[in-house]
Ligand code: GLY
């Protein structure tokens, strides 16, 4: 008896040691509304807007402004992005507040005398495009929200004024980014405490940013584009050799575009149109996979990854040639999504072999993208759904904080093809369609997406991560629709990434070694990719009367909260 009891205790102890490691994470469940964002205080701001009567668009505006304070890595007022909205009454819209090239920008502005790209598109004053975030959020609030604008800015003002405790991730992130931020005295002072560094749990206040946000709260977007903030930014640009002028700011407009839509396995996909490259990518890859039987061997099998990788390669080849700012280039969207064209691309996939990248070309006759964007998803109790991805491009953008205004500037000019036809610093090849021109928006991979089932929101998702956004979202969608996973399992599941060139298949370290070996046998050159550089997909899934919110564990934090 005693022996049995000892054995029982031993089993209990071993289970206690083992089970947590095997335990799957659960999504957060709620009945009415849900906010999922990459920073917990910003999520809480969104929930409190919803609870006090704001709709999902109001919450999205407040979360965007809060992230500009609490997640300076990517949250911003000095950058740009996309907001996809699907109102409960069926209206859909895509608000494009992507940055624009300043009027003084030129095709070869980042090439040296030998035609070689300089680093100017990535770091410093010259790398910034005209910011769009404040105009975009104001447009969303005015047309689709119902709360008064100042009420939505107030939480951000309070967070900047009173400060908030620095998280472990944030503390480490600033230390890691010290080589960038130290180059600019205002950034060093603001984010690195002049070089002394902020500690975990230390309160971080941003009085200059608080003043800027307070002006924006009272005067609206006009302050940022034509008022005191605009004048501060234009004067600092002129002083520091940047290109953005007061006229660039005055001329900046956020625009509404028609989302791209399509169907897959009875689900209706609403996604991002150009200048995002992602919506077209998702629709094309889903159509290419349809009918291949890619899912027959199960999630995580070599066969499923093989077909996904082949679809990715063919899409990225097209992306390299045809995509850019639709206000500047004609994009053959219908031709790229035409069933006969997709059939012809699918027909070139061999069931047992990788197709080498050099045997794939753009099929009819991409972008130098930072990986440090942020996404959040919101559904309110009326059924309005909003997906927002916005960015400074690289983490902390250009590294420049505007003195006297307290916000970081983007380095979005780096998303253009500095040298069309050549691979950029991330290996993506992109063409003349995405060359620099004054007033043009650089091609993006940001892909906020909403998927409907029976006419109602089913999946609201998006991610940061440059080109990895599109391939990660594809896999999350397939995990939910074809493999029946819940929101958390779908984003936690091991992923691959293939972008055609370089000829390489990235596999997360969680992909089983057997599977990787089989993929290598099929002809793929595989590389284990650092999961931190993978897209952090933030998802809301609505099923059987419940909202499931899930935060991607690959990132530095975040929170799903609902009620
Ligand atoms: N800057 C990242 C993207 O737009 O895709």
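The values are calculated or read from the model by the stated rules, or taken from the named source; none is laboratory data. Small disclaimer: the values here were computed from a predicted structure and weren't measured. FYI the Cβ positions are ideal-geometry reconstructions off the backbone, even for glycines, and counts take in every protein chain you see.
Touching a helix residue (DSSP H, G or I) at 6+ places or on another chain (Cβ under 6 Å), over 30 Å from residue 67 (Cβ atoms) and modelled with pLDDT of 95 or more: is that true of residue 378 in this structure? Judged against the criteria, residue 378 is not a match. Counting only helices (runs of 4 or more DSSP H) that sit completely within the stretch 266-381, those holding 1 or more residues that are within 16 Å of the ligand (Cβ to nearest atom) correspond to 278-289, 302-322.
Under the condition of being buried (at least 17 other Cβ atoms within 10 Å of the Cβ) and part of a helix (DSSP H, G or I), the residues counted in the stretch 193-221 number 11.
Return yes when residue 190 is in a helix (DSSP H, G or I), in contact with a strand residue (DSSP E or B) (Cβ under 8 Å, 6 or more places away or on another chain), closer than 30 Å to residue 151 by Cβ and at pLDDT 95 or above and no when it is not. Yes, satisfied.
Of 443, 409, all but one fail to be within 16 Å of the ligand (Cβ to nearest atom) and in contact with a helix residue (DSSP H, G or I) (Cβ under 7 Å, 6 or more places away or on another chain); the exception is 443.
Looking at the stretch 449-461, can you tell me whether even one residue there is closer than 24 Å to residue 506 by Cβ, in contact with a strand residue (DSSP E or B) (Cβ under 9 Å, 6 or more places away or on another chain) and within 12 Å of the ligand (Cβ to nearest atom)? No; the residues of the stretch 449-461 include none that is closer than 24 Å to residue 506 by Cβ, in contact with a strand residue (DSSP E or B) (Cβ under 9 Å, 6 or more places away or on another chain) and within 12 Å of the ligand (Cβ to nearest atom).
In the stretch 458-470, the residue that is nearest to residue 300 (Cα to Cα) out of those that are surrounded by 24 or more Cβ atoms within 10 Å (Cβ to Cβ) and over 12 Å from the mean Cα position of the chain (by Cα) is 459. A search for C-beta distances below 8 Å between a residue of the stretch 383-401 that is under 20 Å from residue 542 (Cβ atoms) and any residue that is more than 15 Å from the ligand (Cβ to nearest atom) and part of a loop (DSSP other than H, G, I, E, B), counting only pairs 6+ apart in sequence or on different chains, returns 383/88; 384/55; 384/87; 384/88. The residue list 539, 516 contains one member that is modelled with pLDDT of 95 or more, in a helix (DSSP H, G or I) and in contact with a strand residue (DSSP E or B) (Cβ under 6 Å, 6 or more places away or on another chain), which is 516. Counting the residues of the stretch 467-492 that are more than 16 Å from the ligand (Cβ to nearest atom) and assigned to a loop (DSSP other than H, G, I, E, B) gives 5.
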